[in-house]
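Written out below as structure tokens is the structure these notes cover.
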Amino acid sequence: MKVEFAPLSVPLQRRLQMASVVQWVFSFLCLAQCCTVAFIALFFTRFWLVSALYAAWWFLDREKPSKGGRRIHTIRNSIVWRYMRDYFPITLVKTAELDPRQNYVMGFHPHGVLAAGAFLNFCTEASGFSTLFPGITPHLMMLSLWFRIPFFRDYLMSGGLVSSDKESASYVLQRREGGNMLAIIVGGAQEALDARPGSCTLLLKNRKGFVRLAIEHGTPLVPIFSFGENDLFDQVRNPKGSWLRSLQHRLQQIMGISLPLFHARGIFQYSFGLVPYRRPICTVVGKPIPVQRKHRPSNEEVDRVHQEYLKELSKLFEEHKAKYNIPEDRHLEFI
């Protein structure tokens with residue numbers, strides 16, 4: 001006998017969507033600190049052996065974030081991420097087929113404040129990545145700093161995140177069987193300081209390391225633009241030259257991460273809080289740009305491919321912007 005469950009009521013679905021987003025924001029704002037505190041605190045309790053054993057495991061496993069990580073499909077397929085997808089909602093759009101016999105370098109734009117589109121599309125199965133791109137395994141790069149935090153590092157790797165260093169990138173791209181995708185949020189933490197509703201400014205003009213990486217491994221470049229990524233949060237005004245921007249830039253140089261002063265809505269009210277606005281995100285994956293392999297490409301060769309990449313990214317933006325309510329007179333700005 002087949003048992004059928006009644007569909008959830010709309011109010012309950014809304015609560016679950018809110019809860020999923022709150023836990024995601026919490027995981028990136030507070031979970032790292034909580035994991036560190038718990039790891040240290042356990043040493044002063046009768047459960048000290050837990051931290052001691054984990055420390056030994058951590059040492060033996062220290063290179064795993066640079067060796068492809070350790071994804072856990074149960075976590076990637078969790079229903080929590082589907083509720084998070086429906087909160088905004090977030091959708092993934094394919095514009096071209098990807099050959100699973102090849103590896104790919106994908107440039108994700110823009111960073112936004114917390115890179116919600118990049119995380120949900122490539123670190124979970126909520127938007128159906130494996131269905132849209134069968135045979136392709138996504139790896140999203142993240143600052144190596146986060147993988148030095150006990151327990152939190154394992155949470156990150158479970159979704160397919162890997163450290164953002166050259167060794168890590170090369171490990172993914174040199175796999176001869178193909179079918180691996182390395183997603184890089186090219187603008188990085190610095191671009192997050194310009195993330196505000198309506199912004200089309202990308203920190204990309206002099207970011208060429210990902211292009212050189214693709215040439216050295218002979219992997220096609222795939223541009224990605226995530227419409228709505230910058231609309232999730234408001235940010236305190238921090239124009240270049242202001243004391244706030246100078247302080248944020250200085251802290252970024254010291255810690256490696258940016259500290260945008262963002263705000264949006266609350267859990268029970270819409271006026272102020274750290275919960276993102278309920279605004280749609282549509283991540284559009286462009287067509288691959290063929291790259292000829294060369295072990296040591298010249299600066300001129302890198303510049304040529306980089307210009308081609310900028311052209312294709314702009315074309316992708318122009319072809320789809322009307323669908324997502326972007327004004328006709330608004331274009332990408334590269335800085």
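Computed values, structure above
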{"quantity": "Alpha-carbon centroid distance for the pair segment 58-102 / segment 261-316, whole angstrom", "calculated": "17"}
{"quantity": "In nm, spacing of pseudo-spin labels at ASN77 and ASN299 (7 Å Cα→C-beta vector)", "calculated": "5.0"}
{"quantity": "Per DSSP, loop trypsin sites (Lys or Arg not before Pro) in segment 205-286 with at most 10 further Cβ within 10 Å", "calculated": "ARG237, LYS240"}
{"quantity": "Amide hydrogen neighbours beyond the local backbone of ARG265, cut-off 5 Å, H modeled", "calculated": "GLY273, VAL275, TYR277"}
{"quantity": "Loop-located chymotrypsin sites (Phe, Trp or Tyr not before Pro) in segment 37-137 whose Cβ has at most 14 other Cβ within 10 Å (DSSP)", "calculated": "PHE43, PHE44, PHE47"}
{"quantity": "Heavy-atom accessible area ranking, 1.4 Å probe, most first, across CYS35, CYS30", "calculated": "CYS30, CYS35"}
{"quantity": "Over the chain: helical MRE at 222 nm, DSSP H runs n ≥ 4 each giving -39500 (n - 2.57), nearest 500", "calculated": "-11500 deg cm²/dmol"}
{"quantity": "Segment THR95-TRP57, length gained on full extension (0.36 nm per residue, minus Cα span)", "calculated": "9.4 nm"}
{"quantity": "Modelled label reach - ILE267, point 7 Å along Cα→Cβ, segment 83-106 residues with backbone N closer than 17 Å", "calculated": "84"}
{"quantity": "Span-like helix ranges in the chain, DSSP H, alpha carbon extent 15 angstrom or more, Kyte mean at least 1.6", "calculated": "32-42"}
{"quantity": "Links that overshoot a 21 Å alpha carbon limit, given the list LYS208/LYS287; LYS205/LYS240; LYS166/LYS294; LYS67/LYS287; LYS287/LYS311", "calculated": "LYS67/LYS287"}
{"quantity": "Probe 1.4 Å, accessible area per residue of segment 233-335, Å²", "calculated": "64"}
{"quantity": "Mean Cα-pair separation over length for segment 12-334, i.e. relative contact order, pairs under 8 Å, 6 or more apart, %", "calculated": "22"}
{"quantity": "Rounded FRET efficiency, nearest 0.05, which uses the C-beta distance separating ARG176 from LEU132 and R0 of 25 Å", "calculated": "0.55"}
{"quantity": "Potential lengthening between ILE335 and THR201 on full extension [0.36 nm per residue; Cα-Cα distance subtracted]", "calculated": "47.5 nm"}
{"quantity": "Gyration tensor over alpha-carbon atoms, segment 72-173, equivalent ellipsoid semi-axes in Å", "calculated": "20, 19, 13"}
{"quantity": "Computed over segment 188-289: relative contact order in percent, which uses C-alpha pairs under 8 Å that are six or more apart", "calculated": "34"}
{"quantity": "Full-stretch length increase - GLN307, LYS208 - with 0.36 nm per residue and alpha-carbon distance subtracted", "calculated": "34.7 nm"}
{"quantity": "For LEU161, residues with placed amide H under 5 Å, excluding near neighbours", "calculated": "LEU140"}
{"quantity": "Three-way shape label, segment 12-334, alpha-carbon gyration tensor, a/c 1.5", "calculated": "rounded"}
{"quantity": "Exposure rank, largest accessible area first [GLU97, GLU308; 1.4 Å]", "calculated": "GLU97, GLU308"}
{"quantity": "For TYR104, residues with placed amide H under 5 Å, excluding near neighbours", "calculated": "ASN180, MET181, LEU182"}
{"quantity": "Percent accessible area from carbon and sulfur atoms, the chain, protein chains only, probe 1.4 Å", "calculated": "60"}
{"quantity": "Backbone HN-Hα couplings from phi across segment 70-76 [Karplus 6.51/-1.76/1.60, Hz, Gly and Pro as x]", "calculated": "9, 6, 10, 5, 4, 6, 4"}
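The values are calculated or read from the model by the stated rules, or taken from the named source; none is laboratory data. In this text the structure is predicted, and so the values were computed from the model without any measurement. Here the Cβ is made from the backbone with ideal geometry for all residues, glycine too, and neighbour counts use every protein chain on show. Side chains are part of the model used for accessible areas, which takes the heavy atoms of the whole protein and leaves out ligands, DNA and RNA. Shrake-Rupley method; radii C 1.70, N 1.55, O 1.52, S 1.80 Å.
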